[in-house]
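These notes are about the structure you will find just below.
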Amino acid sequence: MDTPNKETTPGTSPAPRRVKPKLVVDWERCKGCGFCVEFCPKEALDLSGDFNRKGYHPPVVDDAKCVGCNICELICPEFSIFCKDAEGAPARKGKEPKKTHLAEPLLRMDRMPHIWCPGCGIGTTVNCFTVALSQCGIPREKIGLVSGIGCTGRVAGYVNLDSFHTTHGRAIPFATGLALGNPDMKVVVYSGDGDLTAIGGNHFIHAARRNMNLTVILVNNFIYGMTGGQTAPTTPIDAKSSTSPYGASEPPFNLAHLAETCGATYVARWTALHTRQLTRAMQEALNKKGFSFIEIIAPCPTLFLRLNKLGDGLSMMRFFRDNSEIQNGADTRSVAIPYQGKIVLGKFVDKEEPTWLDRMNNQMSKALGTRHVPYGAPKKEGEAKS
Ligand SMILES: Cc1ncc(C[n+]2csc(CCOP(=O)(O)OP(=O)(O)O)c2C)c(N)n1
Ligand code: SF4
Ligand code: SF4
């Protein structure tokens with residue numbers, strides 16, 4: 001029997017016609033990394049033969065092939081390609097038709113183009129972060145972001161939030177003060193592997209041990225990017241850096257395991273290629289009480305890849321595609337990252353433990369009884385605001 005066509009069956013109202021979104025490319029902002037072209041599932045993009053004013057080849061779009069899946073918009077580290085709703089498109093889920101890049105409302109667009117090199121993964125992680133922020137349900141004025149020094153540390157300058165670019169290694173203690181002084185705020189630390197686990201390593205382990213109410217997002221590019229590619233505590237054995245030209249010989253940290261053993265209650269690892277999973281993890285971490293930790297493996301083409309003759313940012317994104325293995329719940333002891341070896345990804349830890357404030361309040365109540373007024377507890381209805 002023929003299936004009746006719903007649009008023409010008499011007595012039913014016609015289904016609204018889907019108007020295809022349109023891909024818009026900011027030609028001048030593109031740095032020609034090729035991420036969007038390589039990872040478009042519909043092969044709807046190709047790098048143009050023409051140059052923009054910076055000398056890069058921005059992508060051209062085959063509208064007939066594009067289905068508006070948004071992958072290019074999430075993966076582009078320059079925020080230079082986005083899906084715009086077609087003129088006259090109906091509002092989606094009660095929202096106004098989309099006219100700008102999804103990250104725009106949460107970034108200081110007047111500061112673009114950003115300082116990150118072509119093919120650097122940091123911009124892609126920021127894309128995912130802005131989507132997670134817009135979907136996490138926490139009002140923007142209740143979020144603070146703290147970075148240390150380094151290429152990743154520049155994130156604090158680009159987000160349109162209350163953000164703080166602090167000194168090298170001191171993002172976590174700064175964020176701890178911010179979180180304790182404003183217990184109803186979600187405080188995010190966004191910084192590099194060197195900043196957070198070399199000079200800042202002591203703060204990292206103690207904030208995790210205390211289960212401080214912080215979300216720590218760490219971009220691990222296996223090297224000190226900003227200062228010229230020195231060995232970091234994450235540089236794998238055999239990998240070259242400017243301070244280990246014959247290959248590193250120190251065992252690197254397995255950061256997921258370090259975070260878990262110190263006391264983190266949420267631990268996940270993704271790469272800059274895994275934009276959807278990373279966005280979801282960021283959303284979960286933002287809504288988690290206690291010390292949540294996300295490690296993002298990202299390409300640093302200018303130093304790590306160049307010094308190791310591993311190609312450009314796109315080569316490393318392809319490496320992530322071919323060498324990542326998702327193992328949610330994996331034992332963190334088994335997820336160390338060998339040089340050019342398999343990268344285990346996933347959510348490794350997600351548990352509930354009292355935070356530093358919970359423990360402090362309990363201890364004080366135990367000692368002082370009703371004389372202790374719990375600090376940072378949500379206000380009861382009708383209670384005066386202090
Ligand atoms: C006290 C102090 N020591 C050293 C530096 C130099 N410094 C700035 S950023 C940086 C390394 C940053 O590496 P990482 O955190 O991995 O960030 P990336 O640049 O790779 O994103 C260093 C050593 C500094 N700014 N202050
Ligand atoms: S991902 Fe962005 S920067 Fe890279 S080629 Fe595409 S539009 Fe250009
Ligand atoms: S030096 Fe490396 S980490 Fe820094 S912006 Fe360039 S590619 Fe990114």
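General remarks:
- MRE, 222 nm, helices only [DSSP H, n ≥ 4, -39500 (n - 2.57), over the chain, to nearest 500]: -7000 deg cm²/dmol
- Relative contact order of the chain, defined on C-alpha pairs under 8 angstrom at six or more residues apart (%): 13 percent
- Listed peptides 21-31, 39-49 by packing density, highest first (mean Cβ within 10 Å): 21-31, 39-49
- Mean separation of Cα contacts under 8 Å (6+ apart) over length of the range 22-84, as relative contact order %: 45 percent
- Among the listed pairs Lys142/Lys347; Lys99/Lys142; Lys20/Lys95, those whose Cα-Cα separation exceeds 23 Å are Lys142/Lys347; Lys99/Lys142.
- Counted charge near Asn211, where neighbours are those whose Cβ lies closer than 13 Å (Asp, Glu -1; Lys, Arg +1): +2
- Shape metrics for the chain, restricted to C-alpha atoms - Rg then Dmax, Å: 22.9, 78
- With a Förster radius of 51 Å applied to the beta-carbon distance between Ala367 and Arg276, the computed FRET efficiency rounds to 0.60.
- Estimated FRET transfer efficiency when R0 is 41 angstrom, pair Asp110-Ser242 (beta carbons, to 0.05): 0.75
- Efficiency of FRET between His206 and Asp322 - r from beta-carbon atoms, R0 30 angstrom, step 0.05: 0.20
Read-outs: derived from the displayed coordinates by stated rules, not from any lab. Predicted model only: the values in this text are computed from it and were never measured. Cβ sites come from the backbone with ideal geometry, for glycine too, and all protein chains shown count toward neighbours.
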